[in-house]
Amino acid sequence: MALKALDIYKLLPKKNCKECGDPTCLTFAMKLASGKADPDKCPYLDPQAKEVLGSSTKPPVKPMRIGVGERSFRIGEESCLYRHEKTFYHAPGFFLALKDSSGESQISTIANRVEKDLLVRAGQDLRLNGVAIISDSKNPETFGSVVKKVEELVSLPEILISNDPKIVEAGLTYCGSYHPVIHAATRENYPEMCRLALKFGCRLIISEGDITKIPELVNECVKIGVPDLILDPCVDNLSDCLKKFTVIRKKAVTREDASLGYPLYLDTGRFKDRSGSLYLGILKYASLIVIHDLPEPVEKAALTLRQGIYTDPQRPIQMEPGLYKIGEPGKDSPVFMTVNFSLTFFTLQGYLESSGVSCYMLIVDTEGLSVLTAVAAGKLTDTLVNETLKKADLANIVSHHTLIIPGYAAPISGKLEDETGWKILVGPRDAAEVGTFLESLQSGETK
Amino acid sequence: MAEKGTYEWSSRVGVVKIGATKSEGGTRGKSYTIGGSSNIPFFSEKNPPRIALEICDDIAFWPGLLKDNLPDITADVSEWAKKGEMEWGADLIRVYLTSTKKKHFSDFPGIKKVIDEILSGTTLPLIIEGSDSPEIDSDVFLNCGEAGSGERLLLGTAEADRYRSVAAAAIAYNHAVIAQSPIDINLAKQLNILLRETGMPDNSIIIDSYTGALGYGFEYSYSTIERIRYAALKGDDDLAMPIISSAPDTLGVREVRESPPETKYETAIQWEFGTALSSLVAGASIVCVRLPETIKLLKTAIIDLSSPSVEDI
Amino acid sequence: MVDITQSLTEGKKILEKKLADIKVLVGYGETAYHLPVSYSLTGKEVNSGEDAEIAYKATSDSLLVATEAIVAAGSVAGSTADNSIYTGFIGDSVIRKLGYSLVDGSILGLALIAGKASEAGIVSGIARELQEKLLLTFLAGDIAKGLDNEGVKIGLGYRLVPLGPDTLSGIHFVDILARVAMMFGGVAPGDPSRLLRYAEERAKAFVIALPGLSPEEIAFIDALRPLGIPILYYKGYEGENWIRASPENIVQKGMELRGIKVMVTAIPIPMACSPAFEGKSIRREEMYVEFGGGKKEAFELLTMKPKEEVIDGKVTVIGPEISQLKEGSASSLAIIIEVAGEQMKKDFEPVLERRIHNFVNYGEGSWHVAQRDLIWVRLTKEAVLKGLKIEHIGKLLALKFKMDFPSLIDAVQVTLITDEPKVILEKKEAEKIYMERDERVAGMKDTDVQLFYSCTLCQTFAPNHVCIITPERSALCGAISWLDGKTAYEISPSGANQPVQKGAVIDALKGEFEEVNRFVRKASHGEIDRCSLYSIMEYPMTCCGCFECIALILPEVNGIMVVNRDYKGETPSGMSFSTLAGTIGGGAQTPGFMGISKGYILSDRFLQSEGGIKRLVWIPQILKDELGKRLIDKLEQLGISSFYNKISTDKNATTIEDLILFLEKEEHPALSMPPLIGG
């Protein structure tokens, strides 16, 4: 049962010594309550309190960093079964699979693809995350040489995949210092795999298909001292994937079984339905996803889905304020003003594009609030619009000085005219009607 | 139940029947029971989710992608419906009467003709989407309701300020209704209450919480569907109806439009598949798509997701 | 003058005889119901004279059953009158369409006119009015022929349906009602009480009985009354149960009796109106005339009146009209709106009054600012040139109020006064009413009311959060008071504001109530078990994310601090507003933390369980300034005026250490109050 901030505060020394990095014990207590701090940071905690706190404040799914450097990323730290309860914190990493039987060109194609593929959406850079090298050859030298080649080409997070510790070790020779992920420890090989994980500081994936047997294996590895574990429940069909992942996540967030409180691993190559398993993994709690072939259409859809699902529902994506073009606008093209809430932006953009009319969109910063909310909250103001207008130098871009504003912004139309000196036309409330509005503009019905 | 990793729920999603076979008073080859779940999606579903193929009676009003790739089929609405059933494996046909979008549309008897054609073109249960403009609602829905009398259609779409005519047609001719709200669980609830007040029984309402395409607000829709399913299982009778999901803008999104020609169609398929599959996982009981390839992908996925797992109760 | 009571006795005898005389009863084709009226009342088919007699007895001598059998016996199955204008019995498939129109609202109600052709002159006017008001009218008797001769267009397509030459053919009106009830109303055959309910609620109908009906016709018509259908007449009868009205008013009366309202859709004034014009202001150069605005007296007032005192749509201008006002001048104005309605309540007056501002601004050439006696209104030269008059503003208001509040307002009348002395006089009365309203709200205590109100508007963002709004505790967003919640509920009962019973008091100090707990449990989907309305430490109310302020405990000083959204700086808690907002929002119940409205700080209930406002140790200076005099007055009321200076602000402390020093220096009461934690 999760402890509340005040209950936690009662267990803390209350010295406000700031050694944990927070200005007061209360602040630290609040962070602990939301699973965003580590009780170990408090040097004055008595052992009893530490135990109570440890089990009930640590993030239900263990946080850990994957890889090092610029392209490294965090996983874990999750506390929900549904994103609408609070949010999903860390998006899964996509790893392209590379068999060690591959030739030079294949190796460089894959490595470069992971490094360079980029989809820019709503002001965010969406990328693939790493390379998963699989021992097909069953030969340590071959495996090692492929890892070496990858290392020479790129600096990306890696997963080394083989059940044979010798093969894994061969790979670690070349990338061990970058703390890759290794797959996998099983009931048969876990002592050696754990040794390797400890030696090289790797994240260790535990492979076990029977959920009831996972805790035992986890505890063995924890006993040996490996801190960062990832679970592979060996799923190869959508039904098992959905159900096992849900059960594991549920037991973790309700703290029913702390030994299931680790991130999940998914290899879509095991599935008949490749793209389906990828989408399912994104929706249902996978933290590391290995993908064997990724056609561009699937890649785009998956990156977009991942971006959406892992957006904090309470902090909607915001667009960068400024001027945006639709089609090839010129000096006479209409200008539509609206807010920087991404949903509003894309909705209006979509309808403007379908209308076939070239025009401009002037986006103002309402901190992601929708038109209605921004007007009600007093965030969409005449001064804000005027500043944005000036910054975009709009007066020199279009010869008419007319601005079309959303229907719900009608209450500020008068003030806007006064502040900007531009003519203000009030457009429709529903973006879907923007096409009809443009028609009536052109036919002279609306002036 | 707890050790199996699932939940204890106090209630379930209601059921709605769509389609009527001969013994049920219609001419459909089969009829479906939609909904009825007593757990989170695919954890022992009583009635499998269904896939609807979306077609329209005037292709000029839809994104060009379809016309470009299936020019002959999309010109004849009845052939299109037949293909959907015989070759592409759809469970339902959803017909958009896009011809009503024409300015000053008034050919209401024509609507009956179109529906009759489709009824003879396919034996699948039908979803009929009426008009786009409120002014002609009354006449359009009257004709839809009458034309489909006895067939237990699913009629679309009721909205908060536009529900009387579609509700009237449903009550008068015994059809079910799609109740659509703009991605807001409270508005979905309110609309159901308003529909009940006209006399619509709960077992004839299917919720559409509006689905944005991937990257265009899809995650809002996803969470709303999850929340509606959760509320139904927790005993909220005003939300215990099955859910339908369709992302109508999908084929026109920028990612599809601006793809290189060689991958454009495939991108459209993946966009549709990703959206529909995710909606199913969130809790939708009917998903609607326009591309034949998507239907195939979804069918396989549904069979897989519905197959028993060691984690089922 | 025919005596109805006498005619009833006579008429009944005649009908009974006709019933007994039935030899053959073939009935109608094109229907699944034999015969609709008796089937709906008894659940049994009538196929012969004997069946009819049985049904008659089974329904306690229902003359509707008798008439139906009599008419059915006289008609031949499957045929409609050939070459004549009459429809006779109308088949099921047409009736289905009729039911559709009733549900979808294209037909508002039903009327039956029964009687002779001699009245056609008067009736043609009545018939036209019925058509205009979207009612479907049936004609029974040769009045149909009479209207036809007058040149009135009749037939189903004209919503004026001639049933038959005999007044008794009016029974088809009833068999249509019965079938609609069974087809769409879910009324099962043999369930008369449900049929009655359906007729009352959904099939709004009334009858106009023309003078000169025979006894059996009177008996039949009167038998419609038990279905909740009123019988109206304009001359020729005397009796209690039939309702008299003049021919000019008879349709209106019928509609009133059945609660049929015509929807307003257009505003026929020479000025465009749309929400799109709302923000448009009118500059000095553009205006033709202005009212109020500090230059001349002006006020607006909306009050509720009994329905007898309100003439719907009436607009009166007292004083100079536009043509008599000089261009560019300032004038006085009183906007007085009087509304009447079954569902209207005095409490709604201020809420509706606020809408005057929006409605006037919808006009392309009209502009309105502020409220009550501070209003400032302008009309443009352009609009006046197009013919806009002051009375048109009145018309706009009258129609908009009806359009926007159809369920609340049955009638509205507007008086606009531009005569200065009169405005000044009326203003004094208005001011009394404003004061009354203010006192009513200010003085309201939680203990005065039986119901609180909930708000789940924010559940889109915080799925399990619900605000409980009481007279002494407004919603945490600051936008919804108890009165607002009550009004919102009464205007839309299925909306986001619902009534919450208090139930038994569990703890008066903490503000914990049994039914409130039960409500919160349900509204939060089982996430929250208990809620103390007046406590921050134990089971405080949950919050979403749009609170105006956050109140939280500062354990080091045993007190509570409050920080508002507009304050961007550091607080002694070590966390800024946005950091705090991120951790306490989303519907969580966090003891020691609460999202509140600014106004709540001044409420008696604020921190009641923890000792009241004396626990307040720190608020931002901007908030202290904003609360200003109200805070000072409040503390004076409590007898602790000096406490004002003991409340620290960011001007004297932004860290906990500084705060401790300050509070100790000022000898803040919280330091010596019972400990907040550890109890």
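Based on this model, can you work out whether residue B:89 counts as outside any helix (DSSP H, G or I), among the small types (Gly, Ala, Ser) and either in contact with a strand residue (DSSP E or B) (Cβ under 8 Å, 6 or more places away or on another chain) or over 13 Å from residue B:58 (Cα atoms) (or both)? Walk me through how you get there before you give the answer.
Details: outside any helix (DSSP H, G or I): yes; among the small types (Gly, Ala, Ser): yes; either in contact with a strand residue (DSSP E or B) (Cβ under 8 Å, 6 or more places away or on another chain) or over 13 Å from residue B:58 (Cα atoms) (or both): yes.
Yes: the conditions hold for residue B:89.
Go through region C:301-340 and report how many residues are buried (at least 19 other Cβ atoms within 10 Å of the Cβ) and not in a strand (DSSP E or B).
Total satisfying the criteria: 5.
Any residue at all in region A:373-391 that is under 28 Å from the mean Cα position of the chain (by Cα) and within 14 Å of chain B (Cβ to nearest Cβ)?
Looking for residues that are under 28 Å from the mean Cα position of the chain (by Cα) and within 14 Å of chain B (Cβ to nearest Cβ), one finds at least one in region A:373-391, hence yes.
Would you pick out the residues in region C:14-45 that are exposed (fewer than 13 other Cβ atoms within 10 Å of the Cβ), part of a helix (DSSP H, G or I) and of a type in the set (D, E, K, R)?
C:17
For the list (1) surrounded by fewer than 21 Cβ atoms within 10 Å (Cβ to Cβ); (2) over 26 Å from residue B:215 (Cβ atoms), I need the number of the one condition that residue A:410 fails.
Among (1) surrounded by fewer than 21 Cβ atoms within 10 Å (Cβ to Cβ); (2) over 26 Å from residue B:215 (Cβ atoms), residue A:410 violates only (1).
Say we look at region B:255-268 and pick out the residues that are within 7 Å of another protein chain (Cβ to nearest Cβ) and surrounded by fewer than 24 Cβ atoms within 10 Å (Cβ to Cβ); which of these is nearest to residue A:353 (Cα to Cα)?
B:255
Only one residue in A:287, A:259, A:333, A:275 is among the polar types (S, T, N, Q), crowded, with 24+ Cβ neighbours inside 10 Å and more than 9 Å from chain B (Cβ to nearest Cβ). Which one?
A:287
Sort through B:242, B:292, B:308 and tell me the only one that's farther than 20 Å from residue A:310 by Cβ, of a type outside the set (Asp, Glu) and within 11 Å of chain A (Cβ to nearest Cβ).
B:308
Does residue B:106 meet the test of being in contact (Cβ under 8 Å) with a residue 24 or more places away in the chain, within 14 Å of chain C (Cβ to nearest Cβ) and not acidic (Asp, Glu)?
Against the criterion (in contact (Cβ under 8 Å) with a residue 24 or more places away in the chain, within 14 Å of chain C (Cβ to nearest Cβ) and not acidic (Asp, Glu)), residue B:106 does not qualify.
Write out, first by first residue and then by second, each pair whose Cβ atoms fall under 9 Å of each other, whose residues are 6+ apart or on separate chains, and whose first residue, in region C:283-306, is closer than 30 Å to residue C:343 by Cβ while the second is aromatic (Phe, Trp, Tyr) and surrounded by fewer than 22 Cβ atoms within 10 Å (Cβ to Cβ).
Between residues of region C:283-306 that are closer than 30 Å to residue C:343 by Cβ and residues that are aromatic (Phe, Trp, Tyr) and surrounded by fewer than 22 Cβ atoms within 10 Å (Cβ to Cβ), the close pairs are C:299/C:434; C:301/C:434.
Going through region A:250-274 one residue at a time, which ones are basic (Lys, Arg) and out of contact with any Gly (no Cβ under 7 Å at 6 or more places or on another chain)?
A:255, A:270, A:272, A:274
Considering only residues that are buried (at least 22 other Cβ atoms within 10 Å of the Cβ) and of a type outside the set (Phe, Trp, Tyr), which ones fall in region C:46-63?
C:46, C:52, C:55, C:63 - these are the residues of region C:46-63 that are buried (at least 22 other Cβ atoms within 10 Å of the Cβ) and of a type outside the set (Phe, Trp, Tyr).
Can you name the residue in region A:72-115 that is hydroxyl-bearing (Ser, Thr, Tyr) and within 14 Å of chain B (Cβ to nearest Cβ) and is also farthest from the chain's Cα centre (by Cα) among such residues? Let's see the steps before the verdict.
So the first thing to find is which residues in region A:72-115 are hydroxyl-bearing (Ser, Thr, Tyr), and the list is A:72, A:79, A:82, A:87, A:89, A:101-102, A:105, A:108-109.
Still in the list and also within 14 Å of chain B (Cβ to nearest Cβ): A:82, A:87.
Numbers: A:82: 15, A:87: 11 Å.
Looking at residues that are hydroxyl-bearing (Ser, Thr, Tyr) and within 14 Å of chain B (Cβ to nearest Cβ), I get A:82.
Only one of B:111, B:183 is away from chain C (no Cβ under 14 Å) and either surrounded by 24 or more Cβ atoms within 10 Å (Cβ to Cβ) or assigned to a loop (DSSP other than H, G, I, E, B) (or both). Can you tell me which? Give the steps one after another, and end with the answer.
Working: B:183 fails: away from chain C (no Cβ under 14 Å).
None of the other options fit; the residue is B:111.
Residues checked against (1) in contact with a Pro (Cβ under 6 Å, 6 or more places away or on another chain); (2) within 14 Å of chain C (Cβ to nearest Cβ); (3) assigned to a helix (DSSP H, G or I):
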| site | (1), (2), (3) |
| --- | --- |
| A:6 | yes, yes, yes |
| A:10 | no, yes, yes |
| A:14 | no, yes, no |
| A:20 | no, yes, no |
| A:32 | no, yes, yes |
| A:37 | no, yes, no |
| A:43 | no, no, no |
| A:55 | no, no, yes |
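Based on this model, can you work out whether residue C:67 counts as out of contact with any helix residue (DSSP H, G or I) (no Cβ under 9 Å at 6 or more places or on another chain) and not in a loop (DSSP other than H, G, I, E, B)?
No.
Of (1) at pLDDT below 90; (2) within 22 Å of the chain's Cα centre (by Cα); (3) surrounded by 15 or more Cβ atoms within 10 Å (Cβ to Cβ), residue C:371 satisfies all except one. Which?
Evaluating residue C:371 over (1) at pLDDT below 90; (2) within 22 Å of the chain's Cα centre (by Cα); (3) surrounded by 15 or more Cβ atoms within 10 Å (Cβ to Cβ) leaves (2) as the failure.
Restricted to region B:119-147, and to residues that are among the β-branched types (Val, Ile, Thr) and free of Cβ contacts under 8 Å to residues at least 60 places away in the same chain, which residue is farthest from the other protein chains (Cβ to nearest Cβ)?
By that ranking, first place goes to B:122.
Taking region C:646-679 on its own, how many of its residues are within 14 Å of chain A (Cβ to nearest Cβ), over 9 Å from residue C:617 (Cα atoms) and touching a strand residue (DSSP E or B) at 6+ places or on another chain (Cβ under 8 Å)?
So the answer is 4.
Take region A:299-317 and flag every residue that is buried (at least 23 other Cβ atoms within 10 Å of the Cβ) and either over 22 Å from residue B:298 (Cβ atoms) or without any contact (Cβ under 8 Å) to a residue 60 or more places away in the chain (or both).
Those that are buried (at least 23 other Cβ atoms within 10 Å of the Cβ) and either over 22 Å from residue B:298 (Cβ atoms) or without any contact (Cβ under 8 Å) to a residue 60 or more places away in the chain (or both): A:301, A:305, A:308.
Please go through region C:454-502 and give me each residue that is within 14 Å of chain B (Cβ to nearest Cβ), over 22 Å from the mean Cα position of the chain (by Cα) and among the β-branched types (Val, Ile, Thr), ordered by number.
Within region C:454-502, the first condition is being within 14 Å of chain B (Cβ to nearest Cβ), and the residues that meet it are C:454-467, C:488-489, C:491-498.
Then drop every residue that is not over 22 Å from the mean Cα position of the chain (by Cα), which leaves C:458-467.
Across region C:454-502, the qualifying residues are C:460, C:466.
Is there a residue in region C:545-559 that is of a type in the set (A, V, I, L, M, F, W, C), over 30 Å from residue A:84 (Cα atoms) and either within 14 Å of another protein chain (Cβ to nearest Cβ) or not in a helix (DSSP H, G or I) (or both)?
yes
Count, please, the residues in region C:91-101 that happen to be of a type outside the set (Asp, Glu), more than 8 Å from every other protein chain (Cβ to nearest Cβ) and part of a helix (DSSP H, G or I). Give the derivation first.
Kept after step one, since they are of a type outside the set (Asp, Glu), are these residues of region C:91-101: C:91, C:93-101.
Adding the requirement that they be more than 8 Å from every other protein chain (Cβ to nearest Cβ) leaves C:91, C:93-95, C:98.
Still in the running and part of a helix (DSSP H, G or I): C:93-95, C:98.
The number of residues fulfilling the criteria is 4.
Cβ-Cβ below 9 Å, separation at least six or inter-chain, first residue in region C:653-665 and touching a residue at least 12 places away in the same chain (Cβ under 8 Å) and assigned by TED's automatic domain parsing to the domain that holds residue C:575, second surrounded by fewer than 19 Cβ atoms within 10 Å (Cβ to Cβ) and of a type in the set (Gly, Ala, Ser): which pairs?
Qualifying pairs under 9 Å: C:654/C:569.
Please determine whether any residue of region C:490-500 is in contact with a Pro (Cβ under 8 Å, 6 or more places away or on another chain) and of a type in the set (Ser, Thr, Tyr).
No, every residue in region C:490-500 fails to be in contact with a Pro (Cβ under 8 Å, 6 or more places away or on another chain) and of a type in the set (Ser, Thr, Tyr).
The values are calculated or read from the model by the stated rules, or taken from the named source; none is laboratory data. Bear in mind the structure is a predicted one, so any value in this text is a computation, not a measurement. Glycine also receives a Cβ, built like all others from the backbone with ideal geometry; neighbour counts cover every protein chain displayed.
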